[in-house]
Amino acid sequence: MIISSLFRRVNSIRLLPRLLQRNICYVERIRFLQYLKEQDSVCASHIPGGKFLLYSQSKPLLRIDKANTEDALVWLTYPEVIQYYPQVLSSSILLDVAEDGTPRYSVQVGALPTTTQDKLESTTGATFTDLRLALFMVSWRDAHTLSRANSVLLWNRNNAFCGKCGSPTERNAAGHLRRCSSCNMTHYPSAIPVGIVLVTDPSHQNIVLVRQPRQPPGMYSCIAGFSDVGESLEDTVHREVAEEVGIEVSSVRYVASQHWPFPGSLMAGCFAVAEKQELAIDENELQDARWFSRDEISTAVDRINANPYLRLRGNPSGVLFIPPPGAIAYHLISHWVKGTPVQEIHQHIY
């Protein structure tokens with residue numbers, strides 16, 4: 001009785017938008033998504049009617065000429081995908097459920113033969129694009145979709161063997177669970193928590209920004225670091241600031257978060273306050289760290305707004321700039337410049 005009821009529920013969710021020509025609500029989509037993750041046969045049965053986001057060696061298929069529009073991401077049907085990648089049925093990863101009730105999947109096609117890739121890109125008017133670039137060519141919501149899809153694909157690749165006994169693992173139909181074939185341990189994908197913080201002085205006229213050696217000339221960003229086991233977010237912020245620039249902060253306030261696919265982190269953005277004082281830089285982590293004035297940062301924000309791809313194109317002049325709008329650091333810094341109340345920043349981002 002329970003199973004038949006669930007199947008009727010799934011069928012009603014699946015048919016409802018087609019019959020009534022309306023979208024289904026968020027709660028229905030989330031419950032349908034969870035059901036697909038748990039029921040292998042149901043999940044597999046929906047693949048032929050799904051939509052697919054393709055990756056080639058972690059590069060998503062993207063319409064570059066449609067950057068920052070709803071048409072930037074390329075969603076293909078099952079018949080379209082199998083023309084180029086017949087293994088889609090066994091390698092799809094469940095991603096989400098669209099507003100019209102259609103399950104959406106991501107597929108890692110690997111290195112396609114040149115002729116196959118050329119035909120795919122020509123037909124779709126899209127290009128397999130470096131993920132770091134792609135994240136800044138789409139909306140905030142689509143960037144999260146790209147990030148999540150790539151992270152779950154990589155998690156499956158990197159967890160082919162059990163971390164407990166070393167035996168091979170087997171994935172479920174959705175790709176959100178892997179079970180050891182020997183000890184039966186179950187593995188799930190997860191994100192790594194990271195605290196990222198904008199440190200201001202008590203007058204809110206100056207902030208601390210740092211730069212790492214791998215960043216292009218002139219780029220400065222917020223202090224960030226992975227949470228240690230047993231730490232709260234506030235603990236992580238206090239420790240990272242102390243480690244990297246040698247000062248103590250107070251009044252840690254959470255602002256907003258972002259999933260980041262390098263390597264698969266949940267970036268929790270915060271503000272914190274510290275007395276303006278000399279910084280003691282950890283040279284093993286940082287190349288530089290400074291206090292910057294509001295005027296300096298306002299100019300840097302204008303500069304990245306005018307040229308959002310500055311980080312990727314290079315900055316030979318070395319003038320100050322910050323991460324582009326696709327990064328949580330940008331929103332922390334730009335809203336500090338605007339003086340947006342902390343409790344309102346989230347609604348401006350999302």
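For the reader, a short list of remarks on this structure follows.
- Picking from residues in region 143-161 that are in a helix (DSSP H, G or I) and aliphatic (A, V, I, L, M), the one that is surrounded by the fewest Cβ atoms within 10 Å (Cβ to Cβ) is Leu154.
- Selection from region 59-98 of residues that are part of a helix (DSSP H, G or I) and crowded, with 20+ Cβ neighbours inside 10 Å: Val81, Val88
- Selection count, region 99-126, where residues are among the small types (Gly, Ala, Ser), open to solvent by 30 Å² or more (accessible area, probe 1.4 Å) and either modelled with pLDDT under 95 or in a strand (DSSP E or B) (or both): 1
- Matching option when the condition is in contact with a helix residue (DSSP H, G or I) (Cβ under 7 Å, 6 or more places away or on another chain), modelled with pLDDT of 95 or more, closer than 13 Å to Ile196 by Cα and of a type in the set (Val, Ile, Thr), among Val237, Val252: Val252
- In the set Thr169, Thr186, Thr200, Thr129, only one residue is buried (at least 17 other Cβ atoms within 10 Å of the Cβ) and out of contact with any helix residue (DSSP H, G or I) (no Cβ under 8 Å at 6 or more places or on another chain); that residue is Thr169.
- Unique residue being closer than 25 Å to Thr299 by Cα, in contact with a helix residue (DSSP H, G or I) (Cβ under 7 Å, 6 or more places away or on another chain) and open to solvent by 30 Å² or more (accessible area, probe 1.4 Å) when the list is Gln212, Gln205: Gln205
- Extreme residue, farthest from Glu99 (Cα to Cα), among residues of region 61-82 that are touching a Phe, Trp or Tyr at 6+ places or on another chain (Cβ under 7 Å) and in contact (Cβ under 8 Å) with a residue 40 or more places away in the chain: Leu61
- Residues in region 215-257 that are open to solvent by less than 50 Å² (accessible area, probe 1.4 Å), in a loop (DSSP other than H, G, I, E, B) and among the aliphatic types (A, V, I, L, M): Ile247, Val249.
Per-residue answers, yes or no, for (1) modelled with pLDDT under 95; (2) farther than 22 Å from Gln34 by Cα; (3) among the hydrophobic types (A, V, I, L, M, F, W, C); (4) touching a strand residue (DSSP E or B) at 6+ places or on another chain (Cβ under 8 Å):
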site: Cys165; (1), (2), (3), (4): no, yes, yes, yes
site: Pro168; (1), (2), (3), (4): no, yes, no, yes
site: Arg171; (1), (2), (3), (4): no, no, no, yes
site: His176; (1), (2), (3), (4): no, no, no, yes
site: Ser181; (1), (2), (3), (4): no, yes, no, yes
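- Candidate set from region 281-307 (those that are in contact with a helix residue (DSSP H, G or I) (Cβ under 9 Å, 6 or more places away or on another chain) and part of a loop (DSSP other than H, G, I, E, B)); member that is least open to solvent (accessible area, probe 1.4 Å): Leu286
- Pick from region 308-338, criterion more than 24 Å from the chain's Cα centre (by Cα) and not in a loop (DSSP other than H, G, I, E, B), ranking: surrounded by the fewest Cβ atoms within 10 Å (Cβ to Cβ): Lys338
The values are calculated or read from the model by the stated rules, or taken from the named source; none is laboratory data. Everything numeric in this text was worked out from a predicted model, so none of it was measured. Cβ atoms come from the backbone with ideal geometry, glycine included; neighbour counts cover every protein chain shown. The protein model used for the area step is the full one, side chains on, heavy atoms only, and it has no ligands, DNA or RNA in it. Shrake-Rupley method; radii C 1.70, N 1.55, O 1.52, S 1.80 Å.
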